Amino acid sequence: MKKMLAILTVAMVSMMMLAISCEKPEPEPEPEPEPVVKDYNFDLFVCAVKHGGMSKNKNGTYVRSVPALTADQPRVEFTGKGIDITEDYTLESITRGKYYYQVPQRATGGFVKFHIERNAAGEERIVEDAEVPFKDNVYSARKYTHAWIGDSTSLVIVGTADKATKIIWSKLSESNLAVQSEGTFDISLPEGYSSFSTAGLLTYRKSDKKLYYFYLTKAAEGMVDAATSVTHIAVIDPATMKVESDTAVPAGVMEETAGSAYGELMQSMIMYDEADNMYVAGMITLNDQEMGILRRIPAGSKTFDASWNGFPNPEGKLLTIQYLGNGRALCYSRDESLGTKIDSKSHFYSIINLANGSRERVKYNGTDLQYCGGRFSQRSVVVNGKAYIGVGGEVEGEAEATYPTIYIYDCKTGTVEKGVELSKGFCFDIIRAMDAQ
């Protein structure tokens, strides 16, 4: 009997195994698709005679759109080529996708949206996609700041009015620039202070879905004994545009943000890491000189961490910052000992290690990239794992003029290769990466 049971058990197990083996095997999971790499054009802006930016040069501003910046590309010529934007548009602009958004140089009394179109022959022209007049709130060219609300299509513009005694805002539609809503922030000047900064800095943080507005209160002459200005951080609900908190920053932490007068229309002064920690470039006074400082608002916090400084022992002002990934950032700063004028060859590029605040000059073949002129410059852009960095090209006379050159920094490996050159005779001020058409 026991033998029969054993035989039956074996038979049943065999039949079950046969049935399982006849079942259709589970399909293997599909591999994750490779991320789609967008097709970019690079728009290059130069100025004649002197560096531009913030209305500092009226000698001529030109832009060309090129498909790549690698060394195998032909030298980018500007003499007799490109678009002259001097009379109509400003270097300072908001960008998204392939479009530019700005209050233009020419008198329109409103906002414009445009893109640069390049035909098969490489010829460029500006195509205006929308022009919308102001409603009640009026903004001047360059003198405003902005933020995109998350991934939505709402663009927020912030500036000042009534001799910078009140702070105004407008929400615009991305598609046609229609003014969706507008108003005035419930922020008043403290006693003894006469005005706000022209623009301040505005940013949207995804992790808490709030707008952060950094602005200055400027002291009335002879009425305040302490600092002449104080930086504030206002946290704003983007749905209602109500100010939820407004905190004054101690002078020892930061006296002023970089770009407080013009926002981030040209230069990048706020960045985020993978954890959504926010980093803000600013300045403090050391030995009677304005020096750069880099502060962090940790994710989950709404104020600066006063114990953390990502730019210790500064040589001078910190002008731009851009996150490269893996705890590193590209910065553009100035060595005050080499000159403080806009065209002084005292500006240079470094890589900051955010873990300890150490930094090292960007090098090519073991040699530091050269010092540059151009305080109001954004000759660097980070896209698809590479940072494109432009140096050189100051105009000192035909014999001394050099070719502006792009260098390409690989964000993963840290290697640097030489890219395309630009023609002599122009001061190189901006690289923008724009979606291809």
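Let's see how each residue does on (1) within 27 Å of Val66 (Cα to Cα); (2) in contact (Cβ under 8 Å) with a residue 40 or more places away in the chain; (3) open to solvent by less than 70 Å² (accessible area, probe 1.4 Å):
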| site | (1), (2), (3) |
| --- | --- |
| Ile126 | yes, yes, yes |
| Glu131 | yes, yes, no |
| Val138 | no, no, no |
| Arg142 | yes, yes, yes |
| Gly150 | no, yes, yes |
| Asp162 | no, no, no |
| Ser173 | no, no, yes |
| Val179 | no, yes, yes |
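Applying the selection to segment 415-437, what residues are surrounded by 14 or more Cβ atoms within 10 Å (Cβ to Cβ) and either of a type outside the set (A, V, I, L, M, F, W, C) or under 19 Å from Gly327 (Cα atoms) (or both)?
Hits for segment 415-437 are Val416, Glu417, Gly419, Glu421, Ser423, Lys424, Gly425, Asp429, Arg432, Asp435.
Considering each residue of segment 101-113, count those that are closer than 19 Å to Gly60 by Cβ and surrounded by 13 or more Cβ atoms within 10 Å (Cβ to Cβ), and give that number.
3
Just the residues that are touching a Phe, Trp or Tyr at 6+ places or on another chain (Cβ under 6 Å) and under 15 Å from Leu319 (Cβ atoms), please, taken from segment 267-302.
Met271, Gly292, Ile293, Leu294
Find all pairs meeting these conditions: Cβ atoms under 7 angstrom apart; at least six residues apart or on different chains; first residue within segment 337-351 and over 14 Å from Leu318 (Cβ atoms); second residue assigned to a helix (DSSP H, G or I).
Ser344/Leu338; Lys345/Leu338
Read through the list (1) closer than 24 Å to Ala433 by Cα; (2) open to solvent by 30 Å² or more (accessible area, probe 1.4 Å), then give the number of the only condition that Met269 fails.
(2)
Quick one: count up the residues across segment 323-357 that are within 16 Å of Phe376 (Cβ to Cβ) and touching a Ser or Thr at 6+ places or on another chain (Cβ under 6 Å).
Looking only at that region, the number is 4.
So in segment 347-384, with the set limited to residues that are of a type outside the set (A, V, I, L, M), at pLDDT 95 or above and touching a Cys at 6+ places or on another chain (Cβ under 8 Å), which one is nearest to Trp308 (Cα to Cα)?
Arg359
How many residues does segment 63-97 contain that are of a type outside the set (Val, Ile, Thr), crowded, with 19+ Cβ neighbours inside 10 Å and out of contact with any Pro (no Cβ under 8 Å at 6 or more places or on another chain)?
Total satisfying the criteria: 8.
Of the numbered conditions (1) open to solvent by 20 Å² or more (accessible area, probe 1.4 Å); (2) farther than 20 Å from Arg75 by Cα; (3) not β-branched (Val, Ile, Thr), Cys411 satisfies every one except a single condition; which is it?
Cys411 satisfies every listed condition except (1).
Can Phe304 be described as more than 24 Å from Ile236 (Cα to Cα) and open to solvent by less than 50 Å² (accessible area, probe 1.4 Å)?
no
Return the only residue of Tyr89, Tyr100 being in a loop (DSSP other than H, G, I, E, B) and within 25 Å of the chain's Cα centre (by Cα).
Going through Tyr89, Tyr100 in turn, just one is in a loop (DSSP other than H, G, I, E, B) and within 25 Å of the chain's Cα centre (by Cα): Tyr89.
Tell me which residues, restricted to segment 310-340, are open to solvent by 10 Å² or more (accessible area, probe 1.4 Å) and more than 20 Å from the chain's Cα centre (by Cα).
Answer for segment 310-340, where residues must be open to solvent by 10 Å² or more (accessible area, probe 1.4 Å) and more than 20 Å from the chain's Cα centre (by Cα): Pro312, Asn313, Pro314, Glu315, Asp335, Glu336, Ser337, Leu338, Gly339, Thr340.
Got a sec? Which strands (runs of 3 or more DSSP E) wholly within segment 217-288 have at least 1 residues that are more than 30 Å from Gly52 (Cα to Cα)?
229-237, 242-248
I'd like to know if segment 233-242 contains one or more residues that are over 24 Å from the mean Cα position of the chain (by Cα), basic (Lys, Arg) and over 27 Å from Ala299 (Cα atoms).
Taking every residue of segment 233-242 in turn, none turns out to be over 24 Å from the mean Cα position of the chain (by Cα), basic (Lys, Arg) and over 27 Å from Ala299 (Cα atoms).
Only one of Ile149, Ile167 is of a type in the set (A, V, I, L, M, F, W, C) and at pLDDT below 95; which?
Going through Ile149, Ile167 in turn, the sole match is Ile149.
The values are calculated or read from the model by the stated rules, or taken from the named source; none is laboratory data. What you are looking at is a predicted structure, and each value in this text was computed from that prediction instead of being measured. Cβ coordinates were reconstructed from backbone atoms using ideal geometry, including for glycine residues, and neighbour counts include every protein chain displayed. The accessibility values were calculated without ligands, DNA or RNA, using every heavy atom of the protein model including side chains. Shrake-Rupley method; radii C 1.70, N 1.55, O 1.52, S 1.80 Å.
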